[in-house]
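Engineer: Structure in structure tokens, see below.
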Amino acid sequence: MEQDMILYETPLLDELEEIIYVSDIRDYSLLYLNRAGRSLTGLKQEDVRNSKCHRVLQGRDTPCPFCTNAKLSKDGFYVWEYENPHLNKNFIVKDKLVEWEGRPARMEIAVDVGDRVKERGSHTSKYHMETVMLETLRVLNTADCLDDAINRTLEMIADFYGGERAYIIEIDRVQGFARNTYEWCRAGIPSQKAALQQVPLDGIPYLFETFNKKQHLIISRTGELRDSYPSEYRYLTARNTDSLFAVPFEDESAFSGYIGIDNPNINQDTIKLLDSIAYNIANEIKKRRLYERLEYEAAHDSLSGLLNRESFVHFRNDLMRSGKAVSCGIVAGDINDLKQLNRDYGQSRGDMTIKKAASVMASSFAGASIFRLSGDEFIIVSLESAYEEFMERVGKMEWMLDSRTPNGVSLGCTWEEHLADFDRLMRHAEELMLVNKQIYYKDSSQERKHYSPEYLNRLLQDMEEGCYRLCLQPKYNPLTGKVCSAEALVRYRAAGTESTQPLNFVPLLEKTKLIRYLDFYMLEQVFKLLSDWKERGRELIPVSVNFSRITLLERDLFRVLTDMQKRYHIPARLVMIEITESIGDIERKVIESIGSKLREAGFRISLDDFGANYANMSILSIMQFDEVKLDKSLMDDLVENQTNQTVVKCIIDMCHSLQVECVAEGVENQEQLELLTSFGCTAIQGYYYSRPLEIAEFERI
């Protein structure tokens, strides 16, 4: 994931010994000059932003005629050599366009190559020490890839000393280990890098103490260590090291690693070259660590260690541009009551909860991309994972989050076998997360006490007072003229008011993710009605109940359905779950899972509003329906429109072939009824037979 380099003034840049400055590309004003640059130029820190780069660094009153601004880009460094007469220094210069404090700027890193040669001391013409020194400097400061540059430098060092293996060992004082980070081996010499990844520092006391004193290490014969330093003897002989040159390098004046040459074949007097090169390599490694740290901080959330919102935007854009049709699972998470934790117990408690949640997510979805989008919001994107594995991970993670955080985390998850629309998949996951968040609010007494959502409280109160009323619209068999089943419809009527149609309240409930409560409330009213009919000895007929797409996606759906069915002792086959054509917008695997679980529980399934917009025919191949309901829009001009008649007849014939009952909805006159009967339609619903009825009215027909 590539991003523009976005930098801010930071003490980290002052740690480097190279001259680093940043200037405005428009007016040449200095925006930053690090400590090394201020020391060389004599410029005070408070005067940096009042100065021009060409005045401070070149002694010029006007912009430099050789200015490289026009040659710079954000993609890589422009590298050149320059002898600065004003500062009396020779530099290798690396320039790049960056974003500094929100504006485009030029960053320059200048490496002094003149003093390094002078500091090296005596020359060894036989082995061209000066040539090797300058060449390693050039490679380290001009290569696009630091790893390649260091490997090439190690090769040159090994060639110069005639060694079999050149390598870099870095020290982790916190963990107490030494680690081989770079290595070059001559042909026929086996690599030791993999075996030297966690060498305990207390296992090499002689080496560690020598380097800690900033001394070189020259071992002419490893055998001499056998008695006095047995651990080092074993350490070296295990990799066939008979002799060794090694010099330490520092970070912030502390020993942080060393460069070693195994089995060199020239005089130890030349170790000064290795000392000089070690300094330059260490400085490049230090710069790399700094850049890595800056890039890490730009891409990660500092508290949780997860990727941040900016990284999510880049990830999403890269994924959509790639066009990869891979399987994709998304989990949206929101920590419950985080604000309450911060208020009641202090921000440290909230921060600890965030860290615990992030740790659980990282361990549950190793290898996935995990983002903290805001204070309590998280997104997990798992690519190329099987549906069963993905759902199993989600389930285990939810259990761990519930057990390791004070109030748990509300989750919503979706999965698609062939990713087509990332934003749609993400939206579905967030919708489900919000549904589960509402469930948490309802079940949490503390949340109701302090933050009870207005709409939820009002909805629950209206349900308790019976404002949402169950009506039934009968479905008739056109051949017998008798009621064969019914659809449960909801009407709202507060005390002393007129009945209100669903169009006036359902959209708000869907928008606020509260529709699940109404769906389950109406389902229970149907079970109660059927139970009442059963007790009174009335004939039981199938009744269909409308479920929103959000309710169908709820993970507790099947538990609620089966618990309710068992509580009222009504056969599940008498309750038909009506879903709309919009379910086709849900991921295929999820649709299959919903359909199979409904059938396993014994419930029948009806596809409502078929043909309302553009019929999603594929839905019929994904989910097995017991009933397909033709939308009223197909009935409106059925009598006059021959093409419409052909379409309707084809749908009815298709239903017969699939052994699915076809219900015509919105039938209002005799002509429509006769046509539909001639086409073989076996169930009719509409005002021709009956409007939606109160229960007492329905029982009289």
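The values are calculated or read from the model by the stated rules, or taken from the named source; none is laboratory data. These numbers come from a predicted model, not from an experiment. With ideal geometry, Cβ positions are generated from the backbone for all residues, glycine too; neighbour counts draw on all protein chains shown.
Engineer: Just the residues that are more than 23 Å from Arg516 (Cα to Cα) and surrounded by 17 or more Cβ atoms within 10 Å (Cβ to Cβ), please, taken from the range 418-443.
Structural biologist: Leu419, Phe422
Engineer: For residues that are farther than 23 Å from Gln525 by Cα and in contact with a Cys (Cβ under 8 Å, 6 or more places away or on another chain), scanning just the range 681-701, find the one that is surrounded by the most Cβ atoms within 10 Å (Cβ to Cβ).
Structural biologist: Within the range 681-701, the match that is surrounded by the most Cβ atoms within 10 Å (Cβ to Cβ) is Cys681.
Engineer: Let me ask something else about it. Return the total of residues in the range 387-412 being touching a residue at least 60 places away in the same chain (Cβ under 8 Å) and closer than 19 Å to Ala325 by Cα.
Structural biologist: Counting residues in the range 387-412 that are touching a residue at least 60 places away in the same chain (Cβ under 8 Å) and closer than 19 Å to Ala325 by Cα gives 2.
Engineer: So, Trp415, is that one assigned by TED's automatic domain parsing to the domain that holds Phe315, without any contact (Cβ under 8 Å) to a residue 24 or more places away in the chain and farther than 17 Å from Asp337 by Cα or not?
Structural biologist: When the stated conditions are applied, Trp415 does not pass them.
Engineer: Here's a follow-up. Please give the helices (runs of 4 or more DSSP H) falling wholly within the range 281-377 in which 2 or more residues are hydroxyl-bearing (Ser, Thr, Tyr) and either in contact with an Asp or Glu (Cβ under 9 Å, 6 or more places away or on another chain) or at pLDDT 90 or above (or both).
Structural biologist: 347-364
Engineer: While we're here: Where residues in the range 142-177 are touching a residue at least 60 places away in the same chain (Cβ under 8 Å) and part of a strand (DSSP E or B), which of them is surrounded by the fewest Cβ atoms within 10 Å (Cβ to Cβ)?
Structural biologist: Glu170
Engineer: Within the range 681-701, which residues are over 52 Å from the mean Cα position of the chain (by Cα) and not in a helix (DSSP H, G or I)?
Structural biologist: Tyr688, Tyr689, Ser690, Ile701
Engineer: Scan the range 179-205 and report the pairs whose first residue is touching a residue at least 12 places away in the same chain (Cβ under 8 Å) and under 15 Å from Gly257 (Cα atoms) and whose second residue is in a loop (DSSP other than H, G, I, E, B) and hydroxyl-bearing (Ser, Thr, Tyr), with Cβ atoms within less than 8 Å and a gap of 6+ or a chain change.
Structural biologist: Final answer for the pair search is Glu183/Ser191; Pro205/Tyr229.
Engineer: Checking the structure you have, find out if any residue of the range 295-308 is farther than 16 Å from Lys214 by Cα, more than 37 Å from the chain's Cα centre (by Cα), buried (at least 19 other Cβ atoms within 10 Å of the Cβ) and not assigned by TED's automatic domain parsing to the domain that holds Ile354.
Structural biologist: The answer is no, given that none of the residues of the range 295-308 is farther than 16 Å from Lys214 by Cα, more than 37 Å from the chain's Cα centre (by Cα), buried (at least 19 other Cβ atoms within 10 Å of the Cβ) and not assigned by TED's automatic domain parsing to the domain that holds Ile354.
Engineer: Exactly one of (1) in contact (Cβ under 8 Å) with a residue 60 or more places away in the chain; (2) assigned to a loop (DSSP other than H, G, I, E, B) is unmet by His86. Its number?
Structural biologist: (1)
Engineer: Has the range 626-640 got any residue that is polar (S, T, N, Q), without any contact (Cβ under 8 Å) to a residue 60 or more places away in the chain and loosely packed, with under 14 Cβ neighbours inside 10 Å?
Structural biologist: no
Engineer: Now a separate question. Could you give me the residue pairs with C-beta distances under 9 Å whose first residue belongs to the range 298-323 and is free of Cβ contacts under 8 Å to residues at least 12 places away in the same chain, whose second residue is assigned to a helix (DSSP H, G or I) and among the polar types (S, T, N, Q) wherever it lies, and which are 6+ apart or on separate chains?
Structural biologist: Pairs that qualify, where the first residue is free of Cβ contacts under 8 Å to residues at least 12 places away in the same chain and the partner is assigned to a helix (DSSP H, G or I) and among the polar types (S, T, N, Q), are His300/Ser311.
Engineer: Could you please tell me which pairs satisfy a Cβ distance under 7 Å, a separation of 6+ or placement on different chains, a first residue in the range 494-512 that is surrounded by 12 or more Cβ atoms within 10 Å (Cβ to Cβ), and a second residue that is small (Gly, Ala, Ser) and assigned to a loop (DSSP other than H, G, I, E, B)?
Structural biologist: Glu510/Ser548
Engineer: Of everything in the range 491-533, what is farther than 23 Å from Leu432 by Cβ and modelled with pLDDT of 95 or more? Give them in sequence order.
Structural biologist: Correct list: Gln525, Val526, Phe527, Lys528, Leu529, Leu530, Ser531, Asp532, Trp533.
Engineer: Every residue in the range 637-667 that is farther than 23 Å from Pro542 by Cα and of a type in the set (Asp, Glu), please.
Structural biologist: Matches in the range 637-667: Asp637, Glu640, Asp653.
Engineer: Hey, any hits in the range 227-240 for a residue that's under 27 Å from Leu290 (Cβ atoms) and hydroxyl-bearing (Ser, Thr, Tyr)?
Structural biologist: no
Rundown of residues vs (1) outside any helix (DSSP H, G or I); (2) touching a Gly at 6+ places or on another chain (Cβ under 7 Å); (3) surrounded by 15 or more Cβ atoms within 10 Å (Cβ to Cβ), yes/no style:
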{"site": "Ile189", "(1), (2), (3)": "yes, no, yes"}
{"site": "Ala195", "(1), (2), (3)": "no, no, no"}
{"site": "Tyr206", "(1), (2), (3)": "no, no, yes"}
{"site": "Phe211", "(1), (2), (3)": "no, no, yes"}
{"site": "Lys214", "(1), (2), (3)": "yes, no, no"}
{"site": "Glu224", "(1), (2), (3)": "no, no, no"}
{"site": "Glu232", "(1), (2), (3)": "no, no, yes"}
{"site": "Leu236", "(1), (2), (3)": "no, no, yes"}
{"site": "Thr241", "(1), (2), (3)": "yes, no, yes"}
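Engineer: Another one. Identify, please: which residue in the range 544-560 is assigned to a loop (DSSP other than H, G, I, E, B) and modelled with pLDDT of 85 or more and is, among those, farthest from Gln525 (Cα to Cα)?
Structural biologist: Result: Ser548.
Engineer: Additional query: Looking at the range 390-432, which of its residues are among the aliphatic types (A, V, I, L, M) and modelled with pLDDT of 90 or more?
Structural biologist: Once the filter is applied, which keeps residues that are among the aliphatic types (A, V, I, L, M) and modelled with pLDDT of 90 or more, the range 390-432 yields Met391, Val394, Met397, Met400, Leu401, Val409, Leu411, Leu425, Met426, Ala429.
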